[in-house]
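Structure first, commentary second.
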Amino acid sequence: MIAYVWAQASNGTIGRDGTLPWHLPDDLQFFKQKTLGQLTLMGRTTYDGLRKRPLPNRTNVVLTRRLDYTAPGAVVVHSKAEALALAAAHPEQDLMIVGGAQVFTLFADVVDTLYVTRLAGEVSGDVVMPPLDWDAFERVSARLVPNDDPALAHTFETWQRRN
Ligand SMILES: NC(=O)c1ccc[n+]([C@@H]2O[C@H](COP(=O)([O-])OP(=O)(O)OC[C@H]3O[C@@H](n4cnc5c(N)ncnc54)[C@H](OP(=O)(O)O)[C@@H]3O)[C@@H](O)[C@H]2O)c1
């Protein structure tokens, strides 16, 4: 499986100042559940936002063009092809692609499962989710989670690529 895991506001915002613009503990828990034990691929900017601390108990894979980039505790790859080859060499693990926007653009033709957490409200930010070919996918589940702040109510959706 090649999956995307992300959260987005109703206006498409996914990031601000190199990090997430909200704190949603249950979404972090969902993210953890989906990525634990898996190949967890992210762009260099997103990884830097984690202060270059690898997420524990999963294989962190960082995509960068910088040949001299180092990320102790993570695997560094330099191209989409290298990332896909790594995934092919580890069929026992799913390839969970966790952003950011550049990386979501890059793998849009090969992703087969989308895990999106949709916030009800708009949030200001500086990075938005790129367009996806939603017609190529069908929604197979949705679970609404209310919040005291209506803007932070959110829905966990799963989409599968149509055959
Ligand atoms: N809401 C969410 O679920 C979510 C999830 C993830 C991230 N985010 C947010 O998204 C923002 C970051 O997104 P972003 O789009 O700016 O950056 P990004 O996708 O995380 O990383 C971009 C970097 O990836 C590398 N890269 C991109 N395409 C490549 C290619 N074809 N080959 C090799 N390397 C490539 C480059 O690294 P080099 O410059 O080192 O070459 C590029 O600068 C942050 O605010 C983060 O918090 C949100």
When you scan the stretch 126-133, do you find a residue that is touching a Pro at 6+ places or on another chain (Cβ under 7 Å), buried (at least 18 other Cβ atoms within 10 Å of the Cβ) and β-branched (Val, Ile, Thr), even just one? no
Say we look at the stretch 31-59 and pick out the residues that are hydrophobic (A, V, I, L, M, F, W, C) and over 10 Å from the mean Cα position of the chain (by Cα); which of these is modelled with the lowest pLDDT? Leu50
Residues of the stretch 1-23 satisfying the condition of being free of Cβ contacts under 8 Å to residues at least 60 places away in the same chain and farther than 21 Å from Leu144 by Cα: Gly18, Thr19
Every residue in the stretch 87-108 that is within 13 Å of the ligand (Cβ to nearest atom) and either outside any helix (DSSP H, G or I) or buried (at least 16 other Cβ atoms within 10 Å of the Cβ) (or both), please. Met96, Ile97, Val98, Gly99, Gly100, Ala101, Val103, Phe104, Leu106, Phe107, Ala108
Quick check on the stretch 56-72: of everything there that is within 22 Å of Val127 (Cα to Cα) and among the aliphatic types (A, V, I, L, M), which residue is nearest to the ligand (Cβ to nearest atom)? Leu63
For the subset of the stretch 109-128 comprising residues that are within 8 Å of the ligand (Cβ to nearest atom) and in contact with a helix residue (DSSP H, G or I) (Cβ under 9 Å, 6 or more places away or on another chain), which member is nearest to Glu157 (Cα to Cα)? Thr117
What are the residue pairs meeting all of these: first residue in the stretch 83-108, first residue over 20 Å from Thr45 (Cβ atoms), second residue more than 7 Å from the ligand (Cβ to nearest atom) and part of a loop (DSSP other than H, G, I, E, B), Cβ atoms under 6 Å, and 6 or more apart or on different chains? Gln93/Gln38; Asp94/Met1; Asp94/Gln38
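The values are calculated or read from the model by the stated rules, or taken from the named source; none is laboratory data. Since the model is a prediction, treat every value here as computed from it, not as a measurement. All Cβ positions, even for glycine, are placed from backbone atoms using ideal geometry, and neighbour counts span all protein chains on display.
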